[in-house]
Amino acid sequence: MTSVVEELEQSPVRHGLLRYAATKAGGALLSIVMVIVATFFLFRLLPGDPVRALAQGRNMTPEQLDLERARLGLDKPIPEQFLHFVSQTLRLDLGVSYEYKRPVLDLIGERIGSTLLLTGTALVMAVGLGLWQGARAGWKPGSRFDKISTAISLVLWSVPTFWLGLLLLMVFAAGIGPIPGIFPTRGSSSVDKPDGFAGVLDVGQHMVLPCLTLVAVVYAQYLLVMRSSVIEEVGQDYITTARAKGLRDDEIRRRHAVPNALLPTVTLVFMRIGFVVGGAVTVEAIFSWPGLGQLFYQAIRVPDFTLMQGTFLLITVSVIVMNTLADVVYHVLDPRVRSA
């Protein structure tokens, strides 16, 4: 009898969650449709002719240029090109790159591993650093640690990513004054990449500067959210009760305040995954990291419409999907949202 009652009580909650998730999924689908439309027209506003850019260094007659334009489908009216692009995208066919003359999906498949390695490592480090500093700073707001850590994080957050990347590249890779260049200047591995554990160390050495750049400009968000959440928890009655029972401050913070303050940060992690991938475009271009960001940067220089469209779609769709997951996760974890 009890199980039946519990099932009846939980059934509205499940239905509410499914309805909420379906609503969010519908909104995400609409956003993806709008992105597909915007992607096509956005890149065609860029200056430059792909055919003439690809023909640089080759003596091609106007007739040959017209034939190349027809081969790429750029001689057709814009509405016809748009319908072809939408039809291909719905079939998960992102076309063939103008420059590489290979399917865009193949190029993305080759590069996405490097981007996930870089952004995944940076995200884990940024979350760990931000949560640790935010919890300590929020437990004693106004302390020296709070002031210093918050000030440093805000300064780094305000610094343009490309400027910080170039600064680290100039100081620690090229070397300046008495500081020798101790890290590689470009790529994800050496030309003569060693095998085994030495190869892993080689990749790690190449990843230090781009990873440090991403961490520096991202971790402040987690620190500030965690700090404000812990400050909010410090004023709760259960903290006062725990102190009255004689529990040590470190134990109260670790076992009670921090777990309850994690909810906003957990949702922020989901939301920022897509943005970290998008933010890697600048970092990968600066450090010549062979990922999606570098691929997108090379496509813009041509301009290679199909390659730009494919990489941009992947990045933006990942942002939309992660934002939707963040909303659903928050709805699941916080009962106050479900009852609202």
Heavy atoms only, probe 1.4 Å: what % of the accessible area of the range 122-281 goes to carbon and sulfur, would you let me know? 65 percent
Which residue, chosen from Ser149, Val127, Gly113, occupies the Cα position most advanced towards the positive end of the dipole of the range 102-155, where the dipole is computed from +1 (Lys, Arg) and -1 (Asp, Glu) charges on Cβ about the Cα centre? Ser149
Considering every Cα-Cα pair within the range 198-340, what fraction, in whole percent, is farther apart than 23 Å? 55 percent
Please give the per residue accessible area of the chain, computed with a probe of 1.4 Å over protein heavy atoms only, in Å². 56 Å²
Projected onto the charge dipole of the range 123-212 (unit charges on the beta-carbon of Lys, Arg, Asp and Glu, signs +1, +1, -1, -1), the Cα from Pro194, Pro178, Leu164 with the largest positive-side position is that of Leu164
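With +1 assigned to the C-beta of every Lys and Arg and -1 to the C-beta of every Asp and Glu, and no other charges, what is the dipole magnitude of the chain about the Cα centre in debye, to the nearest 20? Don't skip to the end; give the middle numbers.
Details: 30 positive and 27 negative charges, 150 e Å.
With only Lys, Arg, Asp and Glu charged at Cβ, the dipole is about 720 debye.
Gain in length, Arg44 to Val329, computed as 0.36 nm per residue apart minus the alpha-carbon separation, to one decimal in nm?
Numbers: separation 285, 0.36 × 285 = 102.60 nm, distance 3.73 nm.
My answer for the length gained is 98.9 nm.
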Once you keep just the Cα pairs under 8 angstrom separated by 6 or more residues, what percentage relative contact order results for the range 209-317? 25 percent
Can you give the FRET efficiency for Gln88 and Trp132, using 1/(1 + (r/R0)^6), R0 = 56 Å, r = Cβ-Cβ distance, to the nearest 0.05? 0.75
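Diagonalise the Cα gyration tensor of the range 61-136 and give the resulting equivalent ellipsoid semi-axes, square root of 5 times each eigenvalue, largest first, whole Å. Write down the numbers at each step before the final one.
Details: eigenvalues 365, 45, 27 Å².
Sorted largest first and rounded, they come to 43, 15, 12 Å.
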Interchain or long-range residues, amide H under 5 Å from Val96's placed H: Val104
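With an 8 Å cut-off on Cα pairs and a minimum separation of 6 or more residues, tell me the relative contact order of the range 224-278 in percent.
Working: 23 pairs, mean separation 25.8, N = 55.
It comes to 47 percent, rounded to a whole number.
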Angle, helix 78-90 long axis vs. longest principal axis of the chain, Cα atoms, 0 to 90°, nearest 10? 50 degrees
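Suppose a student asked you for the relative contact order of the chain, using Cα pairs under 8 Å spaced at least 6 residues apart; what percent would you report? Could the numbers behind the result be given before it?
Numbers: 380 pairs, mean separation 90.2, N = 340.
About 27 percent, as a whole number.
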For the range 209-256, whose charge dipole is built from +1 on Lys and Arg Cβ atoms and -1 on Asp and Glu Cβ atoms, the candidate among Gln221, Ala244, Ile231 with its Cα farthest towards the positive end is Ala244
Computed from the beta carbon distance with a Förster radius of 35 Å, FRET efficiency for Thr240 and Leu30 to the nearest 0.05 stands at 0.15
With +1 on each Lys and Arg Cβ and -1 on each Asp and Glu Cβ, and nothing else charged, work out how big the dipole of the range 1-153 is about its Cα centre, in Debye to the nearest 20. 580 debye
Using semi-axes √(5λ) of the Cα gyration tensor in Å as the read-out, say which of (i) 33, 23, 20; (ii) 44, 31, 16; (iii) 29, 23, 21 was calculated from these coordinates. (ii)
Would you work out the charge dipole size for the range 243-332 about its Cα centre, treating the Cβ of every Lys and Arg as +1 and the Cβ of every Asp and Glu as -1, and quote it to the nearest 20 debye? 520 debye
Comparing Val217, Val317, Val234, which has the greatest mean-square fluctuation in the GNM of the chain with Cα pairs linked when under 10 Å apart? Val234
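The values are calculated or read from the model by the stated rules, or taken from the named source; none is laboratory data. On a predicted model such as this, the values are computed, not experimentally measured, just so you know. For neighbour counting, all protein chains shown are included, and Cβ atoms are generated from backbone atoms with ideal geometry for every residue, glycine included. We work out accessible area using only protein heavy atoms, side chains counted, and drop any ligands, DNA or RNA first. Shrake-Rupley method; radii C 1.70, N 1.55, O 1.52, S 1.80 Å.
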